[in-house]
10 protein chains.
Amino acid sequence: MLFLVRIDIALPPDMPAEEVADLRAREIAYERQFMAGGEWLHIWRIAGEKANVSVLDVASNDRLHEILSGLPMFPWLDIQATPLAKHPSALD
Amino acid sequence: MLFLVRIDIALPPDMPAEEVADLRAREIAYERQFMAGGEWLHIWRIAGEKANVSVLDVASNDRLHEILSGLPMFPWLDIQATPLAKHPSALD
Amino acid sequence: MLFLVRIDIALPPDMPAEEVADLRAREIAYERQFMAGGEWLHIWRIAGEKANVSVLDVASNDRLHEILSGLPMFPWLDIQATPLAKHPSALD
Amino acid sequence: MLFLVRIDIALPPDMPAEEVADLRAREIAYERQFMAGGEWLHIWRIAGEKANVSVLDVASNDRLHEILSGLPMFPWLDIQATPLAKHPSALD
Amino acid sequence: MLFLVRIDIALPPDMPAEEVADLRAREIAYERQFMAGGEWLHIWRIAGEKANVSVLDVASNDRLHEILSGLPMFPWLDIQATPLAKHPSALD
Amino acid sequence: MLFLVRIDIALPPDMPAEEVADLRAREIAYERQFMAGGEWLHIWRIAGEKANVSVLDVASNDRLHEILSGLPMFPWLDIQATPLAKHPSALD
Amino acid sequence: MLFLVRIDIALPPDMPAEEVADLRAREIAYERQFMAGGEWLHIWRIAGEKANVSVLDVASNDRLHEILSGLPMFPWLDIQATPLAKHPSALD
Amino acid sequence: MLFLVRIDIALPPDMPAEEVADLRAREIAYERQFMAGGEWLHIWRIAGEKANVSVLDVASNDRLHEILSGLPMFPWLDIQATPLAKHPSALD
Amino acid sequence: MLFLVRIDIALPPDMPAEEVADLRAREIAYERQFMAGGEWLHIWRIAGEKANVSVLDVASNDRLHEILSGLPMFPWLDIQATPLAKHPSALD
Amino acid sequence: MLFLVRIDIALPPDMPAEEVADLRAREIAYERQFMAGGEWLHIWRIAGEKANVSVLDVASNDRLHEILSGLPMFPWLDIQATPLAKHPSALD
């Protein structure tokens, strides 16, 4: 089941650079784990913004919340998930 | 170059059913032509809404406008395009 | 899988009364069919507004869209579906 | 008398983990007390967000405010209550 | 139980003057009936706008919806009801 | 001259309890002084929110600003005043 | 008593030119009558928009509504009035 | 004096194609006249939208309004003008 | 050239009273200097809000920015400037 | 490929003046480097606001993000990029 997920990131500008770097490294590792597992299909940055959009394919809304709320940066994130359905124009 | 494109559709509720069916058929044919050509990567319905989200991969902003403004339903559409960039978590 | 669904209704004020009555009767019959089937759990009016909120329990986002887009009043509706997940305070 | 209640939670990201855990435990205990008492009918998380939606059945607006303003996390909450009325499609 | 009710009115500008006058007369008669009955406590125009705010004192949300949805101008109204509770500063 | 006044309160969640209690006591005393004087007609809490709505009857806009800007909590308040006029449905 | 009044104008684009011209002529005559009388102090167009802002000096909110609701274009106007008070920087 | 001008276009979808073509031709001719005259510096489409952004260099706000309100499509346009000032990073 | 300028003020509630008083005194002195010079025509408080509206008459957008960005409270202000043009109803 | 970029700046009002001056100097130097290189075509202040608008001409969305996210003030910026396309009225 597909969801479009927009994530806006609001780290405080005065967060120490090492803390930011550590958070980012853990964020990447965390997200890649679900990409490798086939549940996190796509992730793109929104050009110029502190935000990204992703497409996840999960078994349930509970699983969606479990993955997103486990993000290392979760306390600083504003997340909005939109349920996607099949479109008649899609080729597959 | 990738763009996230959200399209909201506002056909008048009293549009004759045949006209709607004709528009939809032409819309699907039009979109599939760019999917086959590799420029329209994804399209999903937003569940419950008269709207969809797509990801396009085009050579330029001018090409993006050319494709979107040529949609058979264009006069009834509200479109918003968001430029996407590569995210460090992406595996590819 | 649970969804909160808000539906705003915008019938034109000059729609003939019989047409409104017919639409409403078909809307009620349609919704009750899914209530009887266990997929449409709750529906309430928002007091004072031309709107209602529902809770649906469906197998997938595609099923959610199928049910909602089949509503007899669909052309006049503005629908927003929010995915719900289990809350740790819930007793069941 | 039914109300749909949306609660957005804004704990500061740097709140100590024990304080968060203590607040959450007290929040769950507080909410379950009204669930057991039949006034707090439903609570769901909004998938991916720091927010939840509930349905309460209370004797009055004053009682609604009394319950909500007593939430242990109340100083960090943004709450919006919507009065619900019976819908003609409801089976009961 | 008190509610603050804001009503925005959107009669089409080309509605014939007699129809407007008739609607207004029926609206006033309808509202005054509930004022006389003690359920519609206050009504004021918002200066300069096609809108008004009222305070109603009703036995339930269902009663609130019943009164408001019966307004002769209801098809042209946008209504928002806000539940009010007792404030500690109030003298009574 | 009547005004509808909505006041949203944003005390910092970590303000010491005594300071909050002191502010609240002074706020109540301040507001009751104008209620006794006939300029502050009504005050209600918005159920579930950190907000209230009032109706004031003042001699001028300057007087309205004088009363509202003198509120002990004024630095933490977001206030919006709407000018009210007589409605033809009102009985008095 | 001063009010800032923003007026947005939404004449239908297909209104016959003579009707527009007639409405405009009556609007100007109507407004000038209150300018000559000292109640309508200023009026300016918002550059590029179908909108204007005015400053009125009236004896009461009821008078404000009386003047604004009498505008010949009133059925096509969206009006918002903001109460103004004396500022300590003002020289007079 | 520079202004950023965003223009959103809302031609009715059922406007006859010849009328649209005629309006567009006149719009282009009108805009080019001020481009040739040095007052309309830039115009770009917003990719995917029925909207454009321009930069004008005019002698006054009155001149800005004169140019914009003379656009052949003006009755169907929603225009917002933002005053621009010199930025210290600019090279010229 | 006229501009309507709305200024919202967001001094931190815990700013020491002397600092607020000093800022206000400098703000008044600064604004009166341009009022005396004929560039700052009007200033009014918005009743009940921490905000004011002004009308300035300046030679250019650059001059407008120079005056506004020099306000002693500028770091705490949110400012929006709207270009005004002559209205055909104006008497002068 | 052209983009309209709006940047809102939110430096904390209590940031030490030297730090602000240093950031500004680095910001100007950074932006001028891309102006000299032909990728940053225009930059203007929005009169009265802590914001600016720019037009960039870049080879890709990735390049756009690279330039914008490298701004020395980036942690304090809110950026929105809009893809621009050729307009038929443009002379070049």
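Quick notes on this structure:
- Most mobile of D:E39, D:E49, D:E31 in a GNM of chain D (Cα contacts under 10 Å): D:E49
- Taking all protein chains as they are arranged and a probe of 1.4 Å, the heavy atoms of H:D14 leave approximately 130 Å² accessible to solvent.
- Shape annotation for chain C: C-alpha extents along the principal axes are 48, 26, 20 Å, from largest to smallest.
- Amide hydrogen neighbours beyond the local backbone of C:W40, cut-off 5 Å, H modeled: C:M35, C:D57
- Among A:A29, A:A47, A:A81, residue whose mean-square fluctuation peaks in a GNM of chain A (springs only between Cα atoms under 10 Å): A:A47
- When the surface is traced with a 1.4 Å probe over the full set of protein chains, G:T82 keeps roughly 30 Å² accessible.
- Vicinal HN-Hα couplings computed from phi for segment D:46-53 (Karplus, 6.51 cos²θ - 1.76 cosθ + 1.60; Hz; Gly/Pro x): 8, 4, x, 10, 8, 7, 9, 10
- Residue-averaged beta-carbon neighbours from other chains (10 angstrom radius) around D:52-64: 5
- Heavy-atom SASA rank of C:I28, I:I7 (probe 1.4 Å, accessible area, largest first): C:I28, I:I7
- Under 21 Å from C:K50, Cα to Cα: lysines that are on another chain or at least 8 residues apart: B:K50, D:K86, E:K50
- Candidates I:G38, I:G70, I:G48, ranked by Gaussian network fluctuation over chain I, Cα under 10 Å, top entry: I:G48
- Amide H contacts of C:A47 (H built 1.01 Å from N, in plane; Pro and chain starts excluded): D:L84, D:A85 sit under 5 Å, all sequence-distant by 5 or more or on other chains.
- Charged neighbours of B:E18, selected by a Cβ distance under 15 Å, balance to -2 (K, R count +1; D, E count -1).
- All-pairs Cα distance distribution in the protein assembly as shown, expressed in whole percent, bin size 10 Å: 2, 10, 17, 24, 25, 17, 5, 0
- Note that segment J:24-32 has calculated 3J(HN,Hα) couplings of 5, 5, 5, 4, 4, 4, 5, 5, 5 Hz, one per residue in order, obtained from phi through the Karplus relation 6.51 cos²θ - 1.76 cosθ + 1.60 (θ = phi - 60°); glycine and proline are x.
- Two-site FRET efficiency, E:L41 against D:D57, from Cβ-Cβ distance with R₀ of 35 Å, rounded to 0.05: 0.90
- Size of charge dipole - segment A:3-92 - debye, nearest 20, with Cβ of Lys, Arg +1 and Asp, Glu -1, no other charges: 280
- Inter-centroid distance (Cα atoms) of segment G:1-39 relative to segment I:11-28, Å: 42
The values are calculated or read from the model by the stated rules, or taken from the named source; none is laboratory data. All values derive from a computational prediction rather than experimental measurement. Glycine also receives a Cβ, built like all others from the backbone with ideal geometry; neighbour counts cover every protein chain displayed. Areas reflect the complete protein model, heavy atoms only, side chains present, ligands, DNA and RNA absent. Shrake-Rupley method; radii C 1.70, N 1.55, O 1.52, S 1.80 Å.
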